[in-house]
Amino acid sequence: MKIAFIGPESSGKTTLSKYFSSKYNAPLVEEFSREYLSKIQTNYAYSDLEIIAKTQFEQILNTSNSQLVFIDTDLVSMKVWSEFKYKKCCAFINENIKNQEIGLYFLCKADFPWEHDSLRENPNDLEELFDLFETILKEYRINYHILEGNLADRIEFCEKYIKK
């Protein structure tokens, strides 16, 4: 089963996906946008989002459903960033959100202390971004669970669903 962690910046997605990947000795699909944006060394444009989305999508699809796979960010995230920053979203993202074969979503609240890094953009928009994530999940009728609180609480909450 594929399990995705999504949510605003600095909400624990990477920490949780890496933790569970290590704990279960399972594959991890990392957030491709970090790799891509680190290479281009400039501000990204709307056209970059489709490039990032296509690679992220391919990486997700190239994992097996017969085992646990943990995913740090997916096309829902790409749609959120596209709509938030550019007020539009490309057809590829819209058409493939439901084709990612992700069986379990965890939506992370941004109630961790903000951690700055050079790729993060929106420290003051975390609640608005969270709401946009939730709106899109509902729009696509994707079942999800909200993660909030400290890391230990989130891990314990996730374990209940992963063990099923």
Residue of 133, 112, 32 that the Gaussian network model of the chain assigns the largest fluctuation, springs spanning Cα pairs under 10 Å: 112
Relative contact order of the chain, defined on C-alpha pairs under 8 angstrom at six or more residues apart (%): 34
Nearest-10 value in Å² for the accessible area of residue 128, using the 1.4 Å probe: 100
Among 137, 129, 37: highest mean-square fluctuation, GNM of the chain, C-alpha pairs under 10 Å: 37
Residue 58 accessible area, assembled protein chains, probe 1.4 Å, Å²: 110
Estimated 222 nm signal from helices in the chain, with DSSP H stretches of n ≥ 4 weighted -39500 (n - 2.57), rounded to 500: -15000 deg cm²/dmol
Within region 1-29, backbone nitrogen closer than 18 Å to the virtual label 7 Å beyond the Cα of residue 67 toward Cβ: 1-4, 17-29
Calculated FRET value between residue 45 and residue 91, using beta carbons and R₀ = 22 Å, to 0.05: 0.80
Mean Cβ count within 10 Å, highest first, over the residues of peptides 1-9, 48-56, 89-97: 1-9, 48-56, 89-97
Cβ charges +1 (Lys, Arg) and -1 (Asp, Glu), total dipole of the chain, debye: 520
Accessible area (Å², per residue) of the chain, counting only protein heavy atoms and a probe of 1.4 Å: 52
Net lengthening on full extension, residue 99/residue 38 (0.36 nm per residue, minus Cα-Cα): 19.2 nm
Too-long pairs where the Cα-Cα distance tops 26 Å, listed order kept, from 18/109; 2/138; 13/138; 85/160; 13/87: 85/160
Among 70, 80, 110 the positive-end extreme of the charge dipole of the chain (Cβ point charges): 70
Karplus 3J(HN,Hα) series, Hz, for region 44-53 with 6.51 cos²θ - 1.76 cosθ + 1.60 (x for Gly, Pro): 7, 10, 3, 5, 5, 4, 5, 4, 4, 4
Sequence of 164, 87 when ordered by accessible area, the most exposed leading, probe 1.4 angstrom: 164, 87
Percent accessible area from carbon and sulfur atoms, the chain, protein chains only, probe 1.4 Å: 47
Cβ-placed point charges (K, R +1; D, E -1), dipole of region 1-57 about Cα centre in debye, nearest 20: 240
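The values are calculated or read from the model by the stated rules, or taken from the named source; none is laboratory data. Because the structure is a prediction, the values reported are computed rather than measured. Virtual Cβ from ideal backbone geometry, glycine too; neighbours counted across all protein chains shown. We work out accessible area using only protein heavy atoms, side chains counted, and drop any ligands, DNA or RNA first. Shrake-Rupley method; radii C 1.70, N 1.55, O 1.52, S 1.80 Å.
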